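The values are calculated or read from the model by the stated rules, or taken from the named source; none is laboratory data. Not measured: the values here are computed from a predicted model. We place every Cβ from the backbone using ideal geometry, glycine too, and count neighbours over all the protein chains shown.
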Amino acid sequence: MDSESVNFFSTFWMIFSFSFLVALTGALTPGPLLTYTIIKSAETQRRGYLMGLWIILGHAILEMAIVLFLLLGFSFVLTNLFVVRTIGIAGGFLLIFFGISTIRNVYLGKISTRFPTSLESENRETVVSCDRGFENPIVGGIMVSMSNPYWWVWWATIGLAFMTQFGISFKQWPRLVAFFMGHEAGDLVWYLIVSVLSFWGLQRLNKKVYYGILICCGIFMILFGVYMGVTPFV
């Protein structure tokens, strides 16, 4: 293997590793996407342990768009006060709606507490408790991510700084691929762990504890939505 190939793979691996660690650190921070993953994994009886995969797929689609957006030179839009406030208000209302929807469905008994066995899971339909766009985890991953103004701010600051520091650009496409793959891998690892633990762990909980966890998640979403809608104006 020549020196150019060695340099290529070492640079690729370095960017991938740093991007992975930065994304993992951000993913570990509690937020609306984490809460949404817990709720969807708990509510979905058929392969709920894979909810983290589908949610992060939607999240990755949105992040692919924002990376392209930044590379095209539109980073100034994400630092505009009007844009930040608009995202905060719209996102806050969206999260409040989702939180209320979750609590309402628990109250109305629309969420099943019967978990399937491995044989039953192949024949049982997915139980859905969220409304419209939130039903599909891929679409939900996009919507919940978009609703969080801090996600936009993160990309306008930390994400953009990382891309600048490591020379991420269309011309340096291997670096771009390494950066994007590393970032999404960091998110995927954590959210798959969360969805697996949420799905299988809740099989051992009784009905009251199970509903209690979902209600707490719903309350968190409401409070987080209020917080995000107010803080851009403080």
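Some points to look at:
- Qualifying residue in the stretch 57-70 (condition: modelled with pLDDT under 85, out of contact with any Lys or Arg (no Cβ under 7 Å at 6 or more places or on another chain) and not β-branched (Val, Ile, Thr)): no
- Helices (runs of 4 or more DSSP H) fully within the stretch 148-207 that include at least 3 residues being under 30 Å from residue 98 (Cβ atoms) and of a type in the set (Ser, Thr, Tyr): 173-201.
- Members of the stretch 26-40 found to be closer than 15 Å to residue 189 by Cβ and either acidic (Asp, Glu) or in a helix (DSSP H, G or I) (or both), listed by number: 26, 27, 33, 34, 37
- Residue within the stretch 12-27 that is at pLDDT below 80, surrounded by 13 or more Cβ atoms within 10 Å (Cβ to Cβ), under 15 Å from the mean Cα position of the chain (by Cα) and within 26 Å of residue 178 (Cβ to Cβ) present: yes
- Yes/no for residue 189 being surrounded by 14 or more Cβ atoms within 10 Å (Cβ to Cβ), at pLDDT 85 or above, within 14 Å of residue 36 (Cα to Cα) and among the β-branched types (Val, Ile, Thr): no
- Whichever residue in the stretch 45-60 is of a type outside the set (Lys, Arg) and surrounded by fewer than 24 Cβ atoms within 10 Å (Cβ to Cβ) and, among such residues, is nearest to residue 201 (Cα to Cα): 49
- Qualifying positions in the stretch 45-80 - without any contact (Cβ under 8 Å) to a residue 24 or more places away in the chain and in a helix (DSSP H, G or I): 65, 68, 69, 76, 77
- Filter pass, residue 41 being in contact with a Phe, Trp or Tyr (Cβ under 8 Å, 6 or more places away or on another chain), over 19 Å from residue 154 (Cα atoms), at pLDDT 85 or above and of a type outside the set (Phe, Trp, Tyr): yes
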